[in-house]
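Reading through the C-alpha cells given below for one structure.
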Amino acid sequence: MRSWLRPQLWMPPFLWGPPVHVRDTVARVAAALLIVSISVVVYLSATGPRLHELPDQEALIDVFFRIVFVPIMVLLVAWYIASLKLVPARASEYVFLNSLPLSRSSMHRLFLISGMCRFPWVPFCMSVLLWALAVVAPASFLIRLNVLALAVYALLQTAGITLHLVVSLKRAGGTSTSFPAKNSPLIQLGVVMAYAALPVIWILYPGQISGGSFWLVVGACGLIAITLFAVSKHVFESWRGTNVILRSIDMRDGSPRMGYKAWARVLSVALVPLKSNPLLIRNLVRSSREASLGSRFILGLFFVAISFLIAMNNESIQDAATILSGMFYLYAFFVVMKDMDRLGADEELPALIYSMPVTKGQLYLSVFVPMIVWLATIALVQAILVVLAGGGVALAARFVLMSILISLVFCVIGVSSAVGGYPNRTDALKRFLSGMFSLAVLIVILYKYRLVVMVAVVFLSLLSLLRSRLYRT
Amino acid sequence: MNRADKPLMSIEDIAVSYGNSPVISGLSTVIEEGTLVGLIGPNGAGKTTLMLSAAGQFRPVRGHVYFEGSDVYEHNRDFKEKVGYVHEDPFFYPYLTAEDFLRFVVGVKSVPKGDIDGQIHSLLKLVDLWAERGKVTSALSMGMRKKLAIAAAMVGRPRILFLDEALNGIDIESTYRIKRSLRDFAAAGGAVILSTHTLEVVEKLCDRYLLLKKGRVIADLRAGEVTGQRGVGEGGSLERYVIRMLSDPDDVDLQ
C-alpha cells in the first residue's frame, strides 16, 4: 500500500487508535471539517473590510496584561516542565520506528508529527486565553491572531525538534557519554519564550496582522514552514546516518549510562564530609546527574523576571509586593509538587538510600532541605528586588518571612503527602491537593489566626511524618 | 533437505564499529527456517548490535545480510514487513492504549483489512493483555509493557523474530504461553533469535546456541551438543560450558 494511503503515516497520533472503519470515517469528517473551517475562517476574518478590523489598542493592552498574561505565563511554565521530561524518549522512539517498515520520508514525517502533537493542550489553552480578549477585540482580529498563534506553535515545535537533532548529532560525534539521557533545556526555553513573544508583539502592534500585512505574515510563515521542513528532513537524515542509535543502545549494555559532571564530583569531595554523611554525597551526585539543577535555575530566573515585571506594572509598591507574594505561592506550590516525586516509587532514591546506613529522618531531610533552601533563595532574590524598587527593608522583610513560612507549610505537607501516598504517586498528589485545599479553607475561615493555623498544620504534618512508614522503614 | 536446514537468513562477514572501536568484526552465520537461536554472551559482546544489524536497523560497515536470498539493506522496507523486533527497552506512545498501540503497528505493516481485528484479538489474548487492552501504555507495568512489545513484534505474522531480553520480567504463565507460541512459530517455518542472560530459558527453548565474545562467535552448537564438550563432560550443563568458554585462561576458579 502506498504510504499516503496509510493514515498512521500522516495523521496525528490521537487518530491512530480507533478501528479502521471508525478511523477512516473520523479522518474524512476531520478533513471535511478542516476545509470548511479554513474557508469560514478566511471568509470571516481575512477578506473584505473584516481584514482591516482592529481593536482599541489601549483597551486591548490593558485587558491582556491585567487578565490574560499571567495565565499564559503559567501555561508556558507548565509546558516547559512537561517538555523537559519528555525529550529523552525521542531516541527510543526512533529506535522503535526504525524497526518498522517505514520509508525515510514517512519516518521523518511521523517523527515530526508525534513531536508536534506531544502537547496538544498548549495551543488549545493559548487559544482559549486569547479568546478572553473578545471583550475588547473584534472576532475577526481574534481569529487572525489564533490562526497565527497556531502556525507559530507548529513552526516553533518543528524548529525545536530540528535543533534537538542537531545538538544530539554534535553530542554523538563527541566523547560525551550523556547521550541520550540529557536534553537541551535552553532550546526548549527558546521555543517557549518565542511562543510567548510573538502573540505579545501582535497584541502590542495589532496593525501587523490586519490588512495586507496579515497575508504577508501568512506568506512568511508558509515559506518558513517549507524551509524548516526541508532542513529538518536533512538533519534527520544525518542524525539517523550516524551511530546515534548504536550509541544509545551501547549505553544500556553495561556501559556507564550517565556522565557525572566534573564540578559535582569536585564539590561533593571538597564540601561534604565524606564519611559522616553518605546521604548528602549521593544526593549531590544524583542532583547533578539529573541536570535538574540547570533547568530549575533557568526556570527560577524566568519566574523571578516575569513576576517582577508583572508586579511592577502597579504604581503602589504595596500592591506590587502583594502580587509578588501571590505569584511566589503559586511557584512554591509547583516546586513542591514536582519535588514530591523524589520520594516516589519511580525514583531510585528510597531504594538507593536504603542500601546505605541512613535513617528515615535523614531521608526526609534530603528532600525537604533542598526544597526549602531553594524557595527561600527565590524569596530572598524577590525581596532584594522589592528593596531596589523602593519598597523599604521592612516591607521586604515581611515579604521574606511570610514567603518562608508559607514555603515551610507547603514543603511539610508535600513531604508528608509523598510519604503517606507511597508508592502510589496519584494518591500522594491527591493527599497534597486535599491538604492544600483544607489549609486554604481553614485560613479563609480563621483569617485572623492564620499564623496559628499554619504553625498547627506544620506541627501536625511533622507528627504524622514521624509516625509514618516509607519503603522498608 | 528438511526445513531446519533451509537457510532463511545468512550473515556474511559483517563488521560494525562504534566510533573507532569495533563492536563486531568479521562475523558470519546462517539462520535456518524453523530454528530458535539463543544468543549468549557477556555485556558488550555485541549481541544487541548483531541483532540490530541482522534486523536491517543498523547497516554494518562491511559485509552483507541476506534474507531469503536478497540483501536486507537493498530491500529494507520489504524485509522489515517480515521481521518482528522486541527491543530491550521497548518504546510506546504513552497516550495510546495497548490496543491502539497494536493498531498503530498494524497500520504501518501491510496487514490485510479483514485480518486486523482477528490478529489484534489473538495477540492480546496470547500475551494475556486482553483485559488490559483499554489501559494507556504508560499505565502498564514493566512486565505488561514487555508483553505488549512481544505482541507488537508478532503483528503481520513475521517470518523472523528478534527478541532482545524480551522474556525478562514477564510472569510465569505468560512466559509459558509465549514460549509455546514461539515453538509453534518456529515449527511453522519461522525463525527466532533470542538474546538473553538467562541460560535456563535458552537451554529449554532454543535448539541452537550462538556464543559471542568481543564481537565474534566463539561457539555455535546445536542443543544436545553441549554434553561431551571438552571441560564439560557427560551430562554437563550449558552454564558450565559457557563459563568455560568465556573465562580467562588464567582464571582457575571459573574453569
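Structure data summary
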| quantity | calculated |
| --- | --- |
| Residue under evaluation A:LEU363, criteria (1) open to solvent by less than 10 Å² (accessible area, probe 1.4 Å); (2) closer than 20 Å to A:TYR329 by Cβ, criterion not met | (2) |
| Selection count, region A:83-96, where residues are within 10 Å of the chain's Cα centre (by Cα), open to solvent by 30 Å² or more (accessible area, probe 1.4 Å) and at pLDDT 75 or above | 0 |
| Scan of region A:116-144 for residues that are β-branched (Val, Ile, Thr) and open to solvent by less than 20 Å² (accessible area, probe 1.4 Å), ordered by number | A:VAL122 |
| Qualifying residue in region A:412-421 (condition: closer than 22 Å to A:SER325 by Cα, open to solvent by less than 50 Å² (accessible area, probe 1.4 Å), modelled with pLDDT of 75 or more and not in a helix (DSSP H, G or I)) | no |
| Selection count where residues are facing chain A (nearest Cβ under 9 Å), outside any helix (DSSP H, G or I), within 15 Å of B:VAL155 (Cα to Cα) and open to solvent by 20 Å² or more (accessible area, probe 1.4 Å), scope region B:91-132 | 1 |
| Condition broken by B:ASP78, with the remaining ones in (1) open to solvent by less than 40 Å² (accessible area, probe 1.4 Å); (2) within 9 Å of chain A (Cβ to nearest Cβ); (3) touching a strand residue (DSSP E or B) at 6+ places or on another chain (Cβ under 9 Å); (4) of a type outside the set (Phe, Trp, Tyr) satisfied | (1) |
| Long-range neighbours under 6 Å by Cβ, at least six apart or interchain, first residue within 20 Å of A:VAL166 (Cβ to Cβ) and touching a residue at least 24 places away in the same chain (Cβ under 8 Å) within region A:184-198, second open to solvent by less than 20 Å² (accessible area, probe 1.4 Å) and of a type in the set (A, V, I, L, M) | A:VAL192/A:LEU76 |
| Breaking point among (1) of a type in the set (Val, Ile, Thr); (2) within 14 Å of the chain's Cα centre (by Cα); (3) more than 19 Å from B:HIS87 (Cα to Cα), for B:ILE172 | (2) |
| Criterion: closer than 30 Å to B:ILE218 by Cα and open to solvent by 50 Å² or more (accessible area, probe 1.4 Å) - qualifying residue of B:GLU68, B:GLU32 | B:GLU68 |
| Region A:379-396, residues that are of a type in the set (Val, Ile, Thr), touching a residue at least 60 places away in the same chain (Cβ under 8 Å) and open to solvent by 10 Å² or more (accessible area, probe 1.4 Å) | A:VAL381 |
| Checklist (1) more than 14 Å from chain B (Cβ to nearest Cβ); (2) touching a helix residue (DSSP H, G or I) at 6+ places or on another chain (Cβ under 9 Å); (3) loosely packed, with under 13 Cβ neighbours inside 10 Å applied to A:GLU53, failing item | (3) |
| Filter result for B:ARG145 (farther than 28 Å from B:ALA45 by Cβ and at pLDDT 85 or above) | no |
| Every pair of residues 6+ apart whose Cβ atoms lie under 8 Å, when the first sits in region A:98-109 and is more than 8 Å from chain B (Cβ to nearest Cβ) while the second is assigned to a loop (DSSP other than H, G, I, E, B) and open to solvent by 10 Å² or more (accessible area, probe 1.4 Å) | A:ARG109/A:TRP10 |
| All positions within region B:81-90 that are open to solvent by less than 10 Å² (accessible area, probe 1.4 Å) and at the interface with another protein chain (Cβ under 8 Å from one of its Cβ atoms) | B:VAL83 |
| Flag for A:ILE378 being modelled with pLDDT of 90 or more and not small (Gly, Ala, Ser) | yes |
| Boolean, B:LYS125 is basic (Lys, Arg), in contact with a strand residue (DSSP E or B) (Cβ under 8 Å, 6 or more places away or on another chain) and farther than 30 Å from B:GLY69 by Cα | no |
| Residue within region A:438-447 that is within 24 Å of the chain's Cα centre (by Cα), in a helix (DSSP H, G or I) and surrounded by fewer than 13 Cβ atoms within 10 Å (Cβ to Cβ) present | no |
| So A:SER103, is it of a type in the set (S, T, N, Q), more than 21 Å from B:ARG145 (Cβ to Cβ) and within 17 Å of the chain's Cα centre (by Cα) | no |
| Unique match (being basic (Lys, Arg) and either within 14 Å of chain B (Cβ to nearest Cβ) or assigned to a loop (DSSP other than H, G, I, E, B) (or both)) among A:ARG118, A:ARG66 | A:ARG118 |
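The values are calculated or read from the model by the stated rules, or taken from the named source; none is laboratory data. Model, not experiment: these values are computed from the prediction. We place every Cβ from the backbone using ideal geometry, glycine too, and count neighbours over all the protein chains shown. Ligands, DNA and RNA are stripped out before the accessible areas are found, and what is left, the full protein with its side chains, is counted by its heavy atoms. Shrake-Rupley method; radii C 1.70, N 1.55, O 1.52, S 1.80 Å.
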